[in-house]
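Here is the structure we will look at.
Values quoted throughout were computed directly from the atomic coordinates according to the rules given, and no laboratory measurement underlies them. Not measured: the values here are computed from a predicted model. No Cβ is skipped: glycine too gets one built from the backbone with ideal geometry, and neighbour counts run over all protein chains shown.
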Ligand code: XMP
């Protein structure tokens with residue numbers, strides 16, 4: 001019979017016994033799984049855990065800052081923030097095909113990961129936030145998600161093993177991981193977050209990805225999420241975000257004609273992410289978000305709401 005206190009205590013003890021005074025490395029994405037794994041392992045072995053966070057330049061607003069503050073400053077974990085924005089954006093220059101973008105982003109991740117492994121050659125363990133559904137998925141034949149779109153998560157990257165794997169969450173379901181995270185004192189807003197795809201804003205900026213567009217999208221997305229939270233709707237939808245289209249349209253602001261980007265609000269409700277319906281968000285909220293984004297975000301002058309279900313649409317636009 002599973003109890004939270006037992007689980008945490010037992011797992012910390014197991015990690016200590018297994019790792020001893022050896023070193024562990026972990027790629028911290030800021031997502032629930034890698035974060036909870038990191039905090040658990042840190043409780044067990046302290047400074048012998050070395051984390052790194054890769055800022056791809058395709059993260060949400062203040063993501064690197066939040067991760068460094070929460071886990072570096074508050075939990076006092078060893079984390080290096082690798083600023084790889086230039087690397088990713090340079091590789092993505094001129095690329096418009098969604099799958100090609102995914103491959104480029106995935107490959108760059110692997111390269112950085114390999115560099116980190118080189119850097120921490122003296123470590124014996126590679127820790128990952130693998131959870132039970134990941135274990136099951138990797139044992140089954142490819143599901144639709146892996147055949148329709150190639151997924152690149154930091155989770156299961158490198159195949160060849162110079163390190164022993166340390167996966168303390170292997171037996172847990174997502175809701176259990178969240179409970180463990182809360183029990184360990186991770187702030188709620190870091191635990192209850194919607195899923196965020198590995199390629200990040202790279203697949204929410206349709207067409208070519210540039211820093212200018214990423215900055216615009218970050219601001220717009222942040223406003224949408226802030227308003228959902230303020231109106232207690234964030235937890236009522238499964239995933240919500242803004243998509244930036246490579247389309248400009250004419251608008252008017254004051255006495256001036258504008259010619260700026262069009263963005264789309266996307267919010268989906270689902271239990272398994274295989275099928276989804278669009279969220280029936282209140283008009284008042286949509287109106288507020290629209291006014292705020294168009295007034296506050298320079299570069300967007302028109303906003304649409306995505307009313308497509310999955311299938312036949314997908315949740316993401318690329
Ligand atoms: P779609 O767009 O296929 O998305 O309906 C279903 C879920 O998967 C996420 N998604 C990804 N996650 N790497 C990821 O880690 C990816 O390349 C990727 N593509 C889609 C999407 O955010 C949604 O939760």
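Taking every DSSP beta bridge that has both ends in the chain, the antiparallel portion is near 40%. Each label was represented as a point 7 Å from its Cα along the Cα-to-Cβ direction; for residue 81 and residue 313 these points are 3.4 nm apart.
In plain terms, the chain from residue 132 to residue 5 could stretch by 43.8 nm, reckoned as 0.36 nm per residue minus the Cα-Cα distance.
For a protection proxy built on the mean count of beta-carbon atoms within 10 angstrom, sort 232-243, 123-134 highest first, please.
In descending order of packing, they fall as 123-134, 232-243.
Sorting the Cα pairs of region 32-72 by distance into bins of 10 Å, from 0 upward, gives 26, 55, 18, 1 percent per bin.
Taking each DSSP H run with n ≥ 4 as -39500 (n - 2.57) and averaging over every residue of the chain yields -12000 deg cm²/dmol at 222 nm. The modelled label-to-label distance for the pair residue 189/residue 259, using points 7 Å beyond Cα in the direction of Cβ, is 3.9 nm.
From most to least packed by mean Cβ count within 10 Å, the peptides 70-78, 217-225 give 217-225, 70-78. Ordering 35-41, 3-9 by mean Cβ neighbour count within 10 Å, with the highest value first, yields 35-41, 3-9. For the pair residue 164 and residue 212, label points projected 7 Å from Cα toward Cβ lie 5.3 nm apart. By the Kirkwood approach, averaging reciprocal distances over each pair of separate Cα atoms, the chain gets a hydrodynamic radius of 20.8 Å.
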